[in-house]
1. For GLU28, enumerate residues with amide H under 5 Å from its amide H, sequence gap 5+ or separate chain, H modeled in the peptide plane.
2. Could you rank the peptides 29-36, 41-48, 134-141 by their average count of other C-beta atoms within 10 Å per residue, with the highest value first?
3. Considering Cα pairs under 8 angstrom that are at least six residues apart, work out the relative contact order of the chain and quote it in whole percent.
4. Explain nothing, just compute: Karplus ³J(HN,Hα) = 6.51 cos²θ - 1.76 cosθ + 1.60, θ = phi - 60°, for every residue of segment 69-80 in order, whole Hz, x for Gly and Pro.
5. In deg cm²/dmol and to the nearest 500, what is the mean residue ellipticity at 222 nm of the chain if only DSSP H runs of at least 4 residues count, each as -39500 (n - 2.57), divided by the residue total?
6. For segment 1-88, what is Rg from Cα atoms divided by 2.2 N^0.38 Å, rounded to two decimals?
7. Using a Gaussian network model on the chain with a 10 Å cutoff between Cα atoms, which of LYS51, LYS76, LYS96 fluctuates the most?
8. Please return the longest stretch of the chain lacking exposed loop sites, where chymotrypsin sites (Phe, Trp or Tyr not before Pro) count only if DSSP places them in a loop and at most 12 other Cβ atoms lie within 10 Å.
Amino acid sequence: MPGKFIYNNEALASVVLIEYISKKETIELGNTLLVLPFLLHDPTLKKLSGKALLRSVEEIHASFPELLIGFNQRYKEFLPLSVNAMGILMESHMVKLEGGVIAYKSHAFIPAKQGGDRYAKILTAIDKLIGMFGDDSSSSLYYKLGVQL
């Protein structure tokens with residue numbers, strides 16, 4: 001269907017992931033696959049970019065359990081987009097993969113100065129998501145979020 005607007009696409013996903021990775025510097029590959037289901041899901045983005053104080057995945061479970069209902073399905077729906085976006089970032093040498101860890105190449109990315117309301121919300125939410133994930137391993141986060149592989 002020509003002219004159809006694609007809300008979540010590889011371009012947006014790549015920018016969101018590089019913004020996240022540039023702030024985190026290194027991240028387990030498995031954890032990168034959890035980023036988009038949080039930041040590109042509108043109800044979750046609204047909470048993460050708002051005034052709600054969320055410091056951990058457990059706090060989302062306690063305060064906003066509705067955001068995690070069906071997270072496993074959302075993860076699976078975003079998986080192709082996440083993988084494609086990571087492929088774009090690796091092919092463009094913005095990140096590198098070594099031993100299951102994604103590392104940011106600092107010279108490769110210049111953050112956007114503006115990008116609209118949704119992009120501004122995503123940038124705000126990235127900091128909260130980094131704090132929520134903390135230093136938890138992929139296996140710990142997948143277990144807490146109920147992701148079934």
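Read-outs: derived from the displayed coordinates by stated rules, not from any lab. Keep in mind it's a predicted model, so treat the numbers as computed, not measured. Cβ coordinates were reconstructed from backbone atoms using ideal geometry, including for glycine residues, and neighbour counts include every protein chain displayed.
1. Hits under the 5 Å cutoff: ILE102.
2. 29-36, 41-48, 134-141
3. Once normalised by length, the contact order is 39 percent.
4. 5, x, 4, 4, 5, 4, 4, 5, 5, 8, 4, x
5. Result for the chain: -18500 deg cm²/dmol, rounded to the nearest 500.
6. Its radius of gyration relative to the 2.2 N^0.38 Å reference: 1.14.
7. LYS51
8. Answer from the scan: 8-149.
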